[in-house]
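All remarks here apply to the structure that follows.
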Amino acid sequence: MDAAEFRKRGKEMVDYIADYLEKIDKRQVFPDVEPGYLRPLIPDCAPQDPESFDDVFKDIEKIIMPGVTHWHSPYFFAYFPAASSFPALLADMLCGGIGCVGFSWAASPACTELETVMLDWLGKMINLPAEFLAGKDGQGGGVIQGSASEATLISLLAARTKTIRRVQSEKPELTEADIMGRLVAYASDQAHSSVERAALIGGVKIKNVSSDDTFSVCGSALKKVLDEDKASGLIPFFFCATLGTTPCCSFDKLLELGPICKKENIWMHIDAAYAGSAFICPEFRHLLNGVEFADSFNFNPHKWLLVNFDCSAMWVKKRSDLTGAFKLEPLYLQHHHQESGLVTDYRHWQIPLGRRFRSLKLWFVLRMYGVTGLQEHIRKHVRLSHQFEHLVLQDERFEICAEVVLGLVCFRLKGSNELNKALLKSINEAKKIHLVPCHLREKFVLRFAVCSRTVESTHIEFAWQHISQLATDLLKTWEQNHQQQ
């Protein structure tokens, strides 16, 4: 394919993507395929001779689309949003076209410097304390990671290194292995599984801290487990607070937890993967109060800020905490500006060496939507979630299981877990909308997350009517079965 054909085919692909997104509501949100559907549709081996673009293009609808779950459908209410917008898609095209691998400033100065400035922009939008920003001479700063899972892992590993060095300076007789065996990380019993996975990768123990009746971790619960572990000779070193938990979007109590972590010399990382985007709205910024106690903070613009995956924003108070843990300087990666103090080499801030020009997506979206446009997007989703909550509350057969703060509604039929599992099964088998469940204590709960950029009030109304009718049919069947028994 030469440049001339690329121009022609590129326009065709843009038209196809635009048509796909404009008409996505006409597609069934969840596919009808079974595991292994794709292998029989394609040859066993790659072709020896080149195929035409036309041959490849026609197989998109024939082979790929039948197996796609349409995350951007206005009938997709599962997980959390997967953000996307036309400006972000265009920026990703440019990112692919430039094709740099920006592991250092010298590898691509614009790639590095735009990221630093965009994370400052974004930090100011959510009113982060100035010590988290790079500015012209700050000690902190932001970096784009691939996911919140990576941000948690990076912060845990940095905290591990920092603690080992501190303990060894205090007790030189202890080996690194001695200290590693006593390190303990902590997170809410509602925290995402990626926190436990980070501890697994990091080779340290992790313990859950019990959440309260609102599914939030409070200071007294953390202090209790810390006191017990210290009395047992363990070394608490890391706590991951969650703002907007995956099961029900609950918020740990930072203003209680932060001072405890500071007193105990524990690294506090804040995972706000979904909820963090809402902090650009002044009415939700109070949910971030206490961030001043954190050592690191993360949220995902690729969830709710119209920037397509992957773009996970992470900030640290002291970037030397990261570079001190991960910095290696082989000759082939060195450059003559690296000791100037004026540049950032992001390879020291992350797990992989290579990185894409992801800040282009932020730059395009922040400029073309503006803060007010992004605030309206967030507020619209919150309004729609409260619309769904209101519909649920009008039906006495159902109950709301957690406070609706942002764009997630946790609800269920009053009754057994088996009844609610059957309802979810009927919803997802009908394939008109798509939901996923969670457990809140002993209850099996359905999660309704407002996700799509194009979702409207009519889609919320349709979803509720559909759920309500399926519930009516299910309850009738259950009553008949009960009478027969």
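The magnitude of the dipole of the chain, with charges of +1 and -1 set on the Cβ of Lys/Arg and Asp/Glu and taken from the Cα centre, is near 660 debye.
Return the subset of 263/318; 207/421; 207/303; 171/263 for which the Cα-Cα distance in this structure is over 23 Å, preserving the input order.
207/421; 207/303
The local environment of residue 177, defined by Cβ-Cβ distances under 15 Å, has a net charge of +2 under the rule Lys, Arg +1 and Asp, Glu -1. Here the dipole of segment 100-356 is about 180 debye; that uses its Cα centre as origin and unit charges on the Cβ of Lys and Arg (positive) and Asp and Glu (negative). What is the chain by shape, rounded, prolate or oblate, if you read a ≥ b ≥ c off the alpha carbon gyration tensor as root eigenvalues and call it rounded for a/c under 1.5, prolate for a/b larger than b/c, and oblate otherwise? The shape class here is oblate. Share of carbon and sulfur in the accessible area of the chain stands at 55%, probe radius 1.4 Å.
Counting DSSP beta bridges in the chain, what percent are antiparallel, to the nearest 5? Rounded to the nearest five, the antiparallel share is 55 percent.
Shape of segment 100-356 from its Cα gyration tensor (a ≥ b ≥ c, root eigenvalues): rounded if a/c is under 1.5, otherwise prolate when a/b > b/c, or oblate?
Working: a/c = 1.92, a/b = 1.19, b/c = 1.61.
Oblate, since a/c reaches 1.5 and b/c is not below a/b.
Put the Cα centre of segment 419-441 next to the Cα centre of segment 1-21 and the gap is 38 Å. Quick one: check the C-alpha center-to-center distance for segment 371-418 versus segment 166-192, whole angstrom. One Cα centre to the other: 40 Å.
Shown here for segment 135-165: trypsin sites (Lys or Arg not before Pro) in loop regions (DSSP other than H, G, I, E, B) with at most 13 other Cβ atoms within 10 Å, namely 136. Calculated accessible area for segment 100-356 comes out at 40 Å² per residue, all protein chains present (probe 1.4 Å; ligands, DNA, RNA ignored).
Report relative contact order for segment 1-130 in percent, whole number only (criteria: Cα-Cα under 8 Å, sequence separation at least 6).
22 percent
The values are calculated or read from the model by the stated rules, or taken from the named source; none is laboratory data. Since this is a predicted model, take the numbers as computed values, not measurements. Virtual Cβ from ideal backbone geometry, glycine too; neighbours counted across all protein chains shown. When the accessible area is computed, the model is the full protein with side chains, heavy atoms only, and any ligands, DNA or RNA have been set aside. Shrake-Rupley method; radii C 1.70, N 1.55, O 1.52, S 1.80 Å.
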